[in-house]
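Inspection log for the structure reproduced underneath, given as structure tokens.
The values are calculated or read from the model by the stated rules, or taken from the named source; none is laboratory data. Small disclaimer: the values here were computed from a predicted structure and weren't measured. Here the Cβ is made from the backbone with ideal geometry for all residues, glycine too, and neighbour counts use every protein chain on show.
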Amino acid sequence: MIRIAPSILSADFLNLERSINTVLENADMLHIDVMDGHFVPNISIGLPIVKAIHSKFTIPLDVHLMITNPDNYIDDFAKAGANLLTVHYEVCNHLNRTINHIQSLGLKAYVSLNPHTPIHLLNDTVEYLDGVLVMSVNPGFGGQKFIDNSIRRIHELFKLKNRINPSMSIAVDGGINVDNAKKVIEAGADIIVAGSAIFKSNDPAKTIMQMKGQL
Ligand code: DX5
Ligand code: ZN
């Protein structure tokens, strides 16, 4: 079962409700990119937007924290309505504690790896995770080009997952479109995150179905 998480970073912020409505029927969750200008060279959206979306929609909210010190904000994002929280491996000194914290609040805990972070660094963590988010671009911006060796990395993670935690999810984020979604899925991904390919297309609902291979 392939799930699609449209990233609202590429939605129309002046008409966010309308943008979300264009994907609502076909999307499996909404991906919300939180950036702090420190971990990534960009600042995006935060708690009030998560709260506002949660007050209006019941679709699961997948919040991608591209921030340093994510531990300080886990409770707040849980309260704001996140269902799934992703933290970056590169900023967690006590990753196991961070994962436990997220899960103790009843949320799914995912860890994300930047394109330069070796997959094997998660050898001793995957058994505790609900999922891993493989970055297939350098995080910070929508609309970037897919980094090709991500396919090899997804495959390596897929083997690790099958060995240690087969029920874990593999999400992939960055530069995914209708043309390359198939090879991302074949490499082992079961959640596709896509922003510009969905929200900048003429028919976001159709684009999602094409990515799932159902059209
Ligand atoms: C990038 C974000 C992504 C971004 C993806 O740092 O984490 O979620 O929205 O955008 P596209 O699909 O346009 O590469
Ligand atoms: Zn993201």
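Figures for the structure shown
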quantity	calculated
All positions within region 204-215 that are farther than 17 Å from residue 8 by Cβ and of a type outside the set (Lys, Arg)	209, 210, 213, 214, 215
Test for residue 185: is it touching a helix residue (DSSP H, G or I) at 6+ places or on another chain (Cβ under 8 Å), touching a residue at least 24 places away in the same chain (Cβ under 8 Å) and more than 16 Å from ligand 2 (Cβ to nearest atom)	no
Qualifying residue in region 157-170 (condition: within 20 Å of residue 8 (Cβ to Cβ) and not hydroxyl-bearing (Ser, Thr, Tyr))	no
Single residue of 31, 38, 54 found to be modelled with pLDDT of 95 or more and within 13 Å of ligand 1 (Cβ to nearest atom)	31
Some residue of region 102-111 being aromatic (Phe, Trp, Tyr), assigned to a strand (DSSP E or B) and either within 16 Å of residue 131 (Cβ to Cβ) or touching a residue at least 12 places away in the same chain (Cβ under 8 Å) (or both)	yes
Within region 49-78, tally of residues that are at positive phi and either touching a strand residue (DSSP E or B) at 6+ places or on another chain (Cβ under 6 Å) or charged (D, E, K, R) (or both)	0
